[in-house]
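Notes follow the structure.
The values are calculated or read from the model by the stated rules, or taken from the named source; none is laboratory data. Keep in mind the model is a prediction, meaning the values are calculated, not measured. In this analysis, Cβ positions are derived from the backbone assuming ideal geometry, glycine residues included, and neighbour counts consider all displayed protein chains. The accessibility values were calculated without ligands, DNA or RNA, using every heavy atom of the protein model including side chains. Shrake-Rupley method; radii C 1.70, N 1.55, O 1.52, S 1.80 Å.
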Amino acid sequence: MANAQPLFDAGFGVYVHWPFCLSKCPYCDFNSHVRATGIDEDRYVAAFRAELAHRAALAPGRTARSIFFGGGTPSLMRPRTVGAILDAIASQWSVAPDCEITLEANPTSVEADRFAGYKAAGVNRVSLGVQAMNDADLKTLGRMHTAEEAMRAVSVATSLFDRASFDLIYARPGQTPAQWRDELREALTRAPEHLSLYQLTIEHDTMFQKLVEAGRMTTPDAETGRALWDVTQETMNAAGMPAYEVSNHARPGAESRHNLIYWRYGEYAGVGPGAHGRLIVEGRGRVAQSTEKHPEMWLTVVEADGHGLIEDELLSAEEQGDEMLVMGLRLAEGVDPARFEALAGRKLDQRRVAALIEEGMIEVSPSGNVRATPEGFPVLNAVVADLAA
Ligand code: SF4
């Protein structure tokens, strides 16, 4: 097999992208689309089946440790659509008995009513887009739920599923570190085993970008942003939910297995409009794949060609090393230098490692991994760029 790469037990997962939302949030640059008319879910299921068969032909014999329904808003899918896609995955690959099967959900009451159906279909973990714990900020963020509704959805989720997570966005316009500390503490009284805490970034081509450019919205300055970051780490460490990844906090053992596959540079099939994948293909090596983003165009292409791939590129050793560093240094555990060498075909640059250790940005863990320090995490992009150069 050309350019064979060991998996280093980072595992195999399947990502399913459902690209529809009820409305477009003003900060969102995900591949999400609003449709005025109903979605023909059976037609989408048939297309997902075709894509899954295509990927399984490229990467046969795998065992899925994780399946993730992301979006978009997968909690707009009918439970039987979710069940049909899970059946299609199981018909192509083995599914580990303890496979983590996550569905992203918005915490409206309508969607919470579907949770039991998702559980019956096989979902065993939900990730809820709560985003803020007060109605004023939810309105600013363009969310369609109230704080009370969100907490009810969290209760339904935690009563039905053994595993649940919710997301909050911080560094919102006008937010102070003291307010964020109070909000986080409130969240922790409701929190399941896992919280994703994302710092608001103004993305290209979003409504928020237009508002910022027009001077109609300001986000916290860099100093406040750093103070908000520090509050996040202090509060979550004190609660026994330290960051295992830049924006993700969990009780020990409750980490998202799916995201760990990405960050540990494992192997994953991505199906659906605008999905990304990394597969190790017999005779080729590790390939980067992505699909047509536009939902109806994706359907048409899959129906014609049996897959929606618009990118299917072999990654060079250097590219794999870079990707592994970018992903792995997001993790508190860091990266294994021996694995980097096996992927990249070269050792980490020892002079750069030494310089970054000297600056207090990275350190070597007891197991020998290279990892970011608490000082390095807030400036991780610069650290990775330095190390990868
Ligand atoms: S619900 Fe999520 S995916 Fe949909 S527009 Fe809002 S942030 Fe984007």
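Distance from the C-alpha centroid of the stretch 7-59 to that of the stretch 97-176: 19 Å, rounded to the whole angstrom.
For residue 347, the aspartates and glutamates whose Cα comes closer than 18 Å to its Cα, not counting residues fewer than 8 places off in the same chain, are 318, 319, 322, 323, 336, 363, 386. In this structure the chain gives 43 Å² per residue of accessible area when probed at 1.4 Å with all protein chains present. At a Cβ-Cβ separation cutoff of 4.7 angstrom, cysteine residues of the chain with no neighbouring cysteine are 21, 99. Where both bridge residues fall in the chain, DSSP classifies roughly 40% of the beta bridges as antiparallel. The stretch 338-365 to the stretch 220-249: how many Å between their Cα centroids? So the two Cα centres are separated by 25 Å. Highest-first packing order for the peptide set 126-136, 196-206, 252-262 is 126-136, 252-262, 196-206, based on the mean count of other beta carbon atoms within 10 Å.
Annotation: amide H-H contacts under 5 Å for residue 103 (H modelled 1.01 Å from N, sequence separation of 5 or more, or interchain): 69, 125, 126, 127. Per-atom-type breakdown for the chain gives carbon and sulfur 52% of the accessible area (1.4 Å probe, protein chains only). Over the C-alpha atoms of the chain, the Rg to Rh ratio, Rh being the Kirkwood estimate, stands at 0.95. Calculated mean residue ellipticity, 222 nm, the chain: -12000 deg cm²/dmol, from DSSP H runs (n ≥ 4) at -39500 (n - 2.57) each, averaged per residue and rounded to 500.
List the lysines whose alpha-carbon lies under 24 Å from that of residue 210, not counting same-chain residues fewer than 8 positions away? Cα-Cα hits under 24 Å: 24, 139, 293.
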